[in-house]
Amino acid sequence: MKRNIDLKEVKEKNINDKIISYAVMGAVIVAIIIISLLLYSQKINNDVKDETMTLEDMTSMMNNNTETESASTDIGKTVEESEEDMQEENTQNTQTLNTQNNTTNTTVKTSTNTTNSTQNTTTKQQETQTVKELSFQKPVDGEIVREFAQDNLVYSETLEEWVTHNGIDIKADKTTVVKAAEAGVVKSIKNDPRYGLTIVIEHNDEYQTVYSNLLTSEFVVEGESVEKGQSIGTVGNSAVFEIADEPHLHFEILKNSVQVDPSIYIK
């Protein structure tokens with residue numbers, strides 16, 4: 001009876017030992033499997049990381065490929081193709097420079113023309129203002145005894161015929177002082193074969209005054225600047241064409257070298 005009990009206990013112990021052994025072996029196997037899985041997973045991650053490119057690596061590679069293609073294209077060109085490309089580039093540069101030069105020249109010409117036009121307009125305005133400012137005075141006080149007659153005729157006592165008359169005759173005694181009708185420059189002092197001792201004063205590019213039948217011109221010289229009302233000579237009787245007339249001053253005004261009626265301009 002006792003023997004049977006011992007055998008039973010031995011069997012139960014053996015069973016328990018086997019269960020524990022199996023459990024330990026199972027745990028070991030599970031641990032091994034888990035460790036193997038972890039190691040395999042790490043390996044896969046490393047492989048994937050090695051095979052994966054970053055964005056910078058891809059960009060760099062693409063740039064390198066582009067440069068390589070460009071270099072390959074240049075290297076692949078023949079000498080003639082390279083020369084043609086250089087000539088085309090030079091032609092384009094020349095055209096660009098010509099366009100820029102033409103634009104600059106056009107701008108300069110436009111600016112120059114505008115400046116010249118402005119200057120011419122200003123000059124003309126100044127000349128117009130200068131002409132308008134001229135106000136001629138009678139060179140001597142006295143009666144006008146012979147009028148301006150360019151389009152009609154007046155009778156000449158000296159010539160005893162009807163003639164034209166390009167100025168006015170102002171009655172005045174001999175040695176009466178003659179004064180400049182307007183400021184200007186003495187252009188000439190001469191003995192005219194018809195009107196005797198004559199002084200011509202230039203006032204600007206448009207007007208001149210003429211003083212004839214003088215006795216003297218001692219107050220001025222050629223090239224001298226004179227003021228309005230300045231003494232320039234004296235009344236005489238030196239005009240051959242008017243020697244039969246009473247002493248007077250023969251006075252003319254020329255506008256653009258053409259005689260005009262002094263009565264219109266004297267104020």
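The values are calculated or read from the model by the stated rules, or taken from the named source; none is laboratory data. Bear in mind that the values here come from a model prediction, so they are computed numbers and not experimental data. All Cβ positions, glycine included, derive from the backbone under ideal geometry; neighbour counts span all protein chains shown.
Each row is one residue, and each column tells you yes or no for (1) within 46 Å of the chain's Cα centre (by Cα); (2) at pLDDT 95 or above; (3) surrounded by fewer than 16 Cβ atoms within 10 Å (Cβ to Cβ); (4) over 20 Å from His203 (Cα atoms).
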{"residue": "Ser217", "(1), (2), (3), (4)": "no, no, no, no"}
{"residue": "Val220", "(1), (2), (3), (4)": "no, yes, no, no"}
{"residue": "Glu227", "(1), (2), (3), (4)": "yes, yes, yes, no"}
{"residue": "Pro247", "(1), (2), (3), (4)": "no, no, no, yes"}
{"residue": "Phe251", "(1), (2), (3), (4)": "no, yes, no, no"}
{"residue": "Gln259", "(1), (2), (3), (4)": "yes, no, no, no"}
{"residue": "Ile266", "(1), (2), (3), (4)": "yes, no, no, no"}
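A residue that is under 12 Å from Phe251 (Cβ atoms) and modelled with pLDDT under 95 occurs somewhere in segment 184-202. Exactly one residue among Tyr155, Tyr211, Tyr195 is in the same structural domain as Glu242 (by TED's automatic domain parsing), out of contact with any Ser or Thr (no Cβ under 9 Å at 6 or more places or on another chain) and among the aromatic types (Phe, Trp, Tyr), and that residue is Tyr155.
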